[in-house]
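Q: I'd like to ask some things about the structure below.
The values are calculated or read from the model by the stated rules, or taken from the named source; none is laboratory data. Note that the coordinates shown come from a computational prediction; the quantities given were computed from them, not determined experimentally. All Cβ positions, even for glycine, are placed from backbone atoms using ideal geometry, and neighbour counts span all protein chains on display. The protein model used for the area step is the full one, side chains on, heavy atoms only, and it has no ligands, DNA or RNA in it. Shrake-Rupley method; radii C 1.70, N 1.55, O 1.52, S 1.80 Å.
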Amino acid sequence: MALAGGGSKGIYQIGAWRALSELGIEWEAVCGTSIGAVNAAFMAQDDWEKAAGMWENLTMDQCIRLPENAELVSNNLLERKHTRLLLREVVEHGGIDQTPLRGLLEKYIDVNDVYDSSIDFGLCTYALRERSGVKLWKEDIPREVFFQYILASSALPGLRPIRLDNQIYLDGGLADNLPIDMLRAKGFRNILAIDIQAPKKRSLPTERLRITHICNSLDLGGPLDLTHEVLSRNYQLGYLDVRKTFGFYDGIHYYIPCDDYRRMLAEFGEETMAGLEQAALLYEIPRDTAYGADDFLRAVRECRQTAAERYVAERERIGADGIVAAVQSGSLIRLKNMPPAVRLSLMMELLTDMRKNGNTWSVPLKFFRTVDSAAYALLRIEDSGM
C-alpha cells in the first residue's frame, strides 16, 4: 500500500483504513510520504485504534510550537490572517518548530511494534544537499532515529528542516508524494494507493502494475487545516471512497447505492445525473454521507425550492431584470461575483423564459460554466414531475 502526503488531509487515509479493515483487505507492505509516512507507521504496527486516537480532537499545539504571544484566529494555520506570523517564524527561526509532533508520535507509535511487524514499512523524504528523494524501508532506518526520519519525511515547507546524519531533510513530497515506485522496486504488483489529491491532478505509473487508486473527486482542503468539521468530513470521505471503489456506491461526487444509481441512470441518463450532482454541490448538500436515490432527489428538490424562494425575495435587490438584459446582450461582469446558487437560479429563470416565450437567443454559457449542467438537470426533473 502507498500513502500520499498532504498534512491534515491525512485523516482521509484513516477513514479509508477503517473501510478496508471492514472488507477484510490486508497488505504485506506499506510506505508513505509526509503524513502518509505517519499513517504508514500506524498501519505497520496494525493499530487502527491508536491512529484514530491520535487524530481524534487533534489540535495545532500538538503539532507545532509557536511563540508564547502568538494567537491563532482559527485551526487553519494557512488562513490569511496567520501570514505575518508564519513569515516571521520562517525568517527569524528558519521555519515553524514541529517538536511537539514528535512527542505526539512517540505517545501513539510503538517503534518495536513497527519493526517487529510482519508488515514492511517504508517512507520517502528529500535530501536538500543532493536535491533528490530518499526512499527507505525499515531495515535501512536504525530504530533509535525512527522518529527523526518520520519528521524528515513530514517537514512541510514552512516547517523547520530536519538535520540528521549530516544531512538536511525536507518533506518527501518534493520528490514523490505517492511512493508507488517503492513497492514496485520491492516486487509488489497489486498495489493500493490511498491518495489525497483529486485524480485529475495526478497520473499514475501503470506498467506491469495493478493499482487500485483510492481518492476523492474534489479537493479535500488545506494541508494545515485542523478545523473539526473539515477533519470529520475528510475521515468520512475516505471511508466512503473505499466503499465506492469496491462497488458499494456509485456517483461522481456523492455516494448512492449502485442499484439506486443504475435506476437513476436508466431514468435520467448520464448527463442529467451529472447535472444533479453539480446542483447538489452548488447547494452545498453534505457529501460525507450516503444517500438512497429518493433521499438524494428529495435533498436536491428541497434545496432547489429554498433557493428559488430566496431568489424571488432577493431578485429586486440584486437588480435581476438588469442582469437578465445584460446577459441577453452578451456582456455581464457582475455575474462573476454572484454566489453559485444565485447564479444557478438566474440561469434557470433565463432558460424558463426562453421556453415560455419562444425566445431564439441562446444563453451565453461563458457566464454559467459552473452551473449550466445543474440548471438543465433541475429543469428536466421538474418537467418530469420528480
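Q: For V134, what accessible surface area do you get with a 1.4 Å probe? Give it in Å², rounded to 10.
A: About 30 Å², ignoring ligands and nucleic acids.
Q: Once R0 is set to 35 Å, what does the formula 1/(1 + (r/R0)^6) return for the Cβ-Cβ distance between L209 and Q62, expressed as a FRET efficiency to the nearest 0.05?
A: The pair L209/Q62 has a calculated efficiency of 0.45.
Q: Of all beta bridges DSSP finds with both residues in the chain, what is the antiparallel percent, to the nearest 5? Mind showing how you got there, number by number?
A: Numbers: 15 of 32 bridges.
Expressed as a percentage, antiparallel bridges in the chain total about 45.
Q: While we're on this one: Heavy atoms only, probe 1.4 Å: what % of the accessible area of the range 224-312 goes to carbon and sulfur, would you let me know?
A: Ligands and nucleic acids excluded, carbon and sulfur give 48 percent.
Q: On to the next question. Stretched out fully, how many nm does the piece from L128 to D140 gain, at 0.36 nm a residue minus the Cα gap?
A: 2.4 nm
Q: How large, in percent, is the carbon and sulfur part of the accessible surface of the range 1-118 at a probe radius of 1.4 Å?
A: Roughly 44 percent, rounded to a whole number.
Q: Next up: Going down the list K9/K186; K9/K107; K9/K50; K9/K244; K50/K186, which pairs span over 23 Å between their C-alpha atoms?
A: Pairs exceeding the cut-off: K9/K186; K50/K186.
Q: Further question: Could you work out how much longer the chain between I25 and E302 gets when fully extended? Use 0.36 nm per residue separation minus the Cα distance between them, nm to one decimal.
A: Length difference between fully extended and current span is 95.8 nm.
Q: Is it possible to state the helix-based mean residue ellipticity at 222 nm for the chain, with each DSSP H run of 4+ residues giving -39500 (n - 2.57), the sum divided by total residues, to the nearest 500 deg cm²/dmol? What is it? Provide the component values of the computation, followed by the final result.
A: Values: 15 runs with 176 residues, N = 386.
Taking each H run of at least 4 residues, the total per residue is -14000 deg cm²/dmol.
Q: Calculate, for the chain, the solvent-accessible area per residue in square angstrom, rolling a 1.4 angstrom probe over the heavy atoms of the protein chains.
A: 49 Å²
Q: Taking every DSSP beta bridge that has both residues in the range 167-294, what percent is antiparallel when rounded to the nearest 5?
A: Details: 2 of 8 bridges.
Approximately 25 percent, going by the DSSP bridge assignments.
Q: Additional query: Going highest first, how would you order 157-164, 32-39 by mean Cβ packing within 10 Å?
A: Descending mean neighbour count gives 32-39, 157-164.
Q: In terms of modelled amide H atoms, which long-range or inter-chain residues lie less than 5 Å from the amide H of I109?
A: none
Q: What is the Cα radius of gyration of the chain over 2.2 N^0.38 Å, N being its residue count?
A: Its radius of gyration relative to the 2.2 N^0.38 Å reference: 1.16.
Q: 7 Å from Cα along Cα→Cβ at both N190 and S217: what's the point-to-point distance in nm?
A: For N190 paired with S217, the spin-label model returns 2.8 nm.
Q: Once you have the Kirkwood Rh of the range 25-132 from its Cα pairs, apply Stokes-Einstein at 20 °C and 1.002 mPa s and quote D in µm²/s.
A: In µm²/s, the coefficient rounds to 134.
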